[in-house]
Amino acid sequence: MKKNFLNLGKQPIANSFLSSISKNSLKREYFYRLIVCFNTRNFLVSVKDPVDPKIQYTDKYAHRASESQTMQSAFKLVAQNLQKRFKPRKIMEIGSNDGVFLKNFPKKKVIAVEPCKNLANITKKKFKTYSSFWNKKLSKKILKIHSKVDLIFSSNTISHIPNLKETFEAINNVLSDRGVLVIEDPSLSSVIKINSYDQFYDEHVYVFSALSINNIVKDYELKLFDVEKISNHGGSLRYFITKKKSSFKITSRLKKILNDEKKQGLNSFITFKKFAKKVEKSKKKLVALLKKLKKKNFKIISYGATYKSTTVFNYCKINNKFFHYVTDTTKNKQGKFTPGMHIPILSPEKGFNESVDYAYLGAWNFKKEIMNKEKEYLKRGGKFITHVPQVKIIR
Ligand code: TMP
């Protein structure tokens, strides 16, 4: 049974940055209700009414995985480790974005799957790329041309696909008998621990735990045999899944993580009700802090036009009365406006200057990288604001 626990209100599509805020453009802006629920049968946490993927993953999709140095290094390292551990002959990535993971493998071994045409056009220059949503039809098409795949990798994508049945059945079609499916997604355990409620937005249809993945894959003749904690995106899990009959043994670290999640209560609805109360408190505290700083006439901006901040801004009703603007390094976000709250986005060169007193960390998941980069800002007395793990000022 699915039980609702969190209502984040009316929300726009998180990656739908607006080129114009004319009356006509605003009329067309799409909104939905972001309600999050818990399935008491398989412990899966999901968005109650997912948005149609055709509205989300278009040829205007803004996110470039290569944009952060942290992610470039993380993908290189995982590619090297997977190569060493599983020695795959054929590798496929579901949601290959701009090829930041696949570029670490020889061209001939690689298949890219990416529904956003603007991104698929980048990898097409180098790799065999299927510009399509991942489904059974595509899996059959791939099998007609290629051999079965030994390593399927998917980072921050499976949690975006509403139809898990179709997804895992299609994976089962192309995965070789000793093949391994490796999935990375934000971890529910971390979300609860650090109160990062902004991990819920339209694209994150699911926030997985080892407990829920362990249950779900069983329905599709697959088994979870290992799991690894990773620091990506404020705490993620990397799941290792294989065919039910394959000889991979369940690792002790998987057993430990399953136990830890049970201790944390990720199999119990009460945990999520408590979390929802904390989220409400976080909203009140953030708005109160911004109001106080505004009254004192400080200039506040937001650092990083992230999808996560779309949730925070729209849930807390933070608009350009609070933030002068948002800065972001991504070229195709600059000059646009944030979804829902319509705050202008500038390049850091234009916007991150002497005049800024406070910068809200929209990209809190890259805190380390940003603190290193912005030492001068901090030195001259500039401050950051974050809501993770609690609302506070970073000096
Ligand atoms: P993500 O959390 O969805 O990956 O998005 C991070 C966004 O933050 C992305 O648009 C790039 C931006 N960003 C900056 O503007 N400056 C930075 O130093 C970093 C690390 C990211």
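The values are calculated or read from the model by the stated rules, or taken from the named source; none is laboratory data. Nothing here was measured: the structure is a model prediction, and the numbers come from that model. Every residue, glycine as well, gets a Cβ built from its backbone with ideal geometry; the counts of neighbours run over all protein chains shown. With ligands, DNA and RNA removed, areas are computed over all heavy atoms of the protein, side chains included. Shrake-Rupley method; radii C 1.70, N 1.55, O 1.52, S 1.80 Å.
In plain terms, the chain from Thr40 to Asp177 could stretch by 46.1 nm, reckoned as 0.36 nm per residue minus the Cα-Cα distance. If each Cα of the stretch 314-394 is one equal point scatterer, what is log10 of I(q)/I(0) from the Debye formula at q = 0.12, 0.15, 0.16 Å⁻¹? At q = 0.12, 0.15, 0.16 Å⁻¹ the computed log10 ratios are -0.34, -0.55, -0.63. Computed over the alpha carbons of the stretch 158-209, Rg followed by Dmax gives 13.4, 39 Å.
If R0 is 51 Å, what FRET efficiency do you get for Glu280 and Lys126 from their C-beta distance, rounded to 0.05?
On the way: r = 47 Å, r/R0 = 0.93.
Once the sixth-power term is evaluated, E becomes 0.60.
Counting every C-alpha pair in the stretch 1-124, the share spaced more than 18 angstrom apart comes to 67%. Per-peptide packing, taken as the mean over residues of other Cβ atoms within 10 Å, places 198-207, 246-255 in the sequence 198-207, 246-255 from highest down.
Measure up Lys140/Lys263; Lys2/Lys229; Lys144/Lys243; Lys109/Lys243 against 32 Å on the Cα-Cα distance and list the ones that go over. Walk me through the numbers before you get to the answer.
Values: Lys140/Lys263 41 Å; Lys2/Lys229 27 Å; Lys144/Lys243 21 Å; Lys109/Lys243 21 Å.
Table pairs above 32 Å Cα-Cα are Lys140/Lys263.
Taken per residue, the accessible surface of the chain reaches 45 Å², heavy atoms only and a 1.4 Å probe. In order along the stretch 249-264, the phi-based Karplus estimate (6.51 cos²θ - 1.76 cosθ + 1.60, θ = phi - 60°) of 3J(HN,Hα) comes to 8, 5, 7, 5, 5, 5, 4, 5, 5, 4, 5, 4, 5, 5, 4, 6 Hz; Gly and Pro are listed as x.
Binning all Cα-Cα separations of the stretch 252-395 at 10 Å, short to long from zero, yields these whole-percent fractions: 11, 37, 30, 14, 8, 0. Relative to the longest principal axis of the Cα atoms of the chain, the long axis of helix 136-145 lies at roughly 60 degrees. In summary, the convex hull built on the alpha carbon positions of the chain has an orientation-averaged projected area of 19.0 nm².
How big is Rg to Rh over the stretch 199-337, alpha-carbon atoms, Rh as the Kirkwood inverse-mean-distance radius?
1.10
Bridging of Lys60 to aspartates and glutamates at a Cα separation below 14 Å is possible for Asp98, Glu114, once same-chain residues fewer than 8 apart are set aside.
Among the DSSP beta bridges whose two residues both lie in the chain, what percent are antiparallel, rounded to the nearest 5? Please list the in-between numbers first.
Details: 33 of 60 bridges.
Given both bridge residues lie in the chain, the antiparallel proportion sits at roughly 55 percent.
Rounded to 0.05, the FRET efficiency of the Lys54 and Glu369 pair, given R0 = 25 Å and the Cβ-Cβ distance, is 0.15.
Surface composition of the stretch 97-253: carbon plus sulfur atoms contribute 52% of the solvent-accessible area (1.4 Å probe, protein chains only, all chains present). Working note: Debye formula, equal point scatterers on the alpha-carbon atoms of the stretch 112-199, no solvent; log10 I(q)/I(0) at q = 0.12 Å⁻¹ is -0.44. Think of the stretch 8-167 as a dipole: +1 on every Lys or Arg Cβ, -1 on every Asp or Glu Cβ, centred on the Cα centre; then among Gln69, Pro106, Ser20, Pro106 lies furthest on the positive end.
Whenever you get a sec, compute what percent of the accessible area on the stretch 345-386 sits on carbon and sulfur atoms (1.4 Å probe). Don't skip to the end; give the middle numbers.
Working: 1080 of 2090 Å².
Heavy-atom surface of the stretch 345-386 belonging to carbon and sulfur, 1.4 Å probe: 52 percent.
Over the residues of the chain, the helix contribution to mean residue ellipticity at 222 nm works out to -10500 deg cm²/dmol, using -39500 (n - 2.57) for each DSSP H run of at least 4. 3J(HN,Hα) along the stretch 65-80, derived from phi through the Karplus expression 6.51 cos²θ - 1.76 cosθ + 1.60 where θ = phi - 60°, amounts to 4, 6, 5, 10, 4, 4, 6, 4, 5, 4, 5, 5, 5, 5, 4, 5 Hz, with x in place of Gly and Pro.
Determine the dipole magnitude for the chain: charges of +1 sit on the beta-carbon of Lys and Arg, -1 on that of Asp and Glu, nothing else is charged, the reference point is the Cα centre, and the result goes in debye to the nearest 20.
Working: 79 positive and 31 negative charges, 92 e Å.
Dipole size: approximately 440 debye.
Between the listed residues Ile216, Ser154, Asn118, the Cα displaced farthest toward the positive end of the dipole of the stretch 112-218, a dipole computed from Cβ unit charges relative to the Cα centre, is found at Asn118.
Relative to the present Cα-Cα distance, how much length would full extension add between Glu29 and Ser147 at 0.36 nm per residue of separation? Walk me through the intermediate numbers first.
On the way: separation 118, 0.36 × 118 = 42.48 nm, distance 4.33 nm.
Full-extension gain reported as 38.1 nm.
Only protein atoms count toward the accessible area here, which uses a 1.4 Å probe; on the stretch 38-95, the carbon and sulfur part of that area reaches 51 percent. For the stretch 77-161, the gyration tensor built on C-alpha atoms gives a rounded shape. Its axis ratio a/c (a ≥ b ≥ c) stays under 1.5.
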